[in-house]
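The values are calculated or read from the model by the stated rules, or taken from the named source; none is laboratory data. Please read all numbers here as calculations on a predicted model, not as lab measurements. Cβ: placed from backbone, ideal geometry, glycine included. Neighbour counts: every protein chain shown.
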């Protein structure tokens, strides 16, 4: 686990699946590092799940990082989805209209 004071992450690998577990507050200052983290996960797995159960805050730059990673995965035949969105994350994604795009698994396992 990394030791950033505002957010942390863990990556669990199982075969060709990665689960990226996030926690804390993630904002525009953290988005480039999050984008790199998600890009590496997408490059190394066909299925990536981002677990946001312990995320307490996101902003539009985080949404952009998630959408970009999802789109990158799709171009290579992979899939990225958000799972276990905390109430705060769920609300932001719902209000911005991207909740279904990030959480629907589109027939992938």
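Just one of 80, 34 is surrounded by 13 or more Cβ atoms within 10 Å (Cβ to Cβ) and touching a residue at least 40 places away in the same chain (Cβ under 8 Å); which is it? Please lay out each step first, then the result.
Numbers: 34 fails: touching a residue at least 40 places away in the same chain (Cβ under 8 Å).
After applying the criteria, what remains is 80.
Could you tell me whether the range 89-103 includes any residue that is touching a helix residue (DSSP H, G or I) at 6+ places or on another chain (Cβ under 9 Å), part of a strand (DSSP E or B) and surrounded by 13 or more Cβ atoms within 10 Å (Cβ to Cβ)?
no
Restricting to the range 4-13, name every residue that is at pLDDT 95 or above and more than 15 Å from residue 52 (Cβ to Cβ).
Taking the range 4-13 and keeping what is at pLDDT 95 or above, we get 7-13.
Within the range 4-13, 13 is the sole residue that qualifies.
For a quick check of your reading of the model, give me the residue pairs whose first member lies in the range 3-29 and is on the phi < 0 side of the Ramachandran plot and in contact (Cβ under 8 Å) with a residue 24 or more places away in the chain, whose second is surrounded by fewer than 12 Cβ atoms within 10 Å (Cβ to Cβ) and not in a loop (DSSP other than H, G, I, E, B), with beta-carbon atoms closer than 9 Å and at least 6 apart or on different chains.
Listed pairs, sorted by first residue: 18/12; 19/12; 19/13; 20/12; 21/12.
Being at pLDDT 95 or above, loosely packed, with under 15 Cβ neighbours inside 10 Å and assigned to a loop (DSSP other than H, G, I, E, B) narrows it down to one residue among 1, 28; which is it? Full working, then the answer.
On the way: 1 fails: at pLDDT 95 or above.
Result: 28 is the single residue among 1, 28 that is at pLDDT 95 or above, loosely packed, with under 15 Cβ neighbours inside 10 Å and assigned to a loop (DSSP other than H, G, I, E, B).
Would you mind stating whether residue 73 is surrounded by 14 or more Cβ atoms within 10 Å (Cβ to Cβ) and in a strand (DSSP E or B)?
Answer is no for this residue.
Yes or no: residue 44 touching a strand residue (DSSP E or B) at 6+ places or on another chain (Cβ under 6 Å) and either in contact (Cβ under 8 Å) with a residue 60 or more places away in the chain or closer than 24 Å to residue 14 by Cα (or both)? Give the derivation first.
Details: touching a strand residue (DSSP E or B) at 6+ places or on another chain (Cβ under 6 Å): no; either in contact (Cβ under 8 Å) with a residue 60 or more places away in the chain or closer than 24 Å to residue 14 by Cα (or both): yes.
So residue 44 does not fit the description; no.
Filtering the range 31-55 down to residues that are touching a helix residue (DSSP H, G or I) at 6+ places or on another chain (Cβ under 6 Å) and in a strand (DSSP E or B), which residue is nearest to residue 84 (Cα to Cα)?
By that ranking, first place goes to 52.
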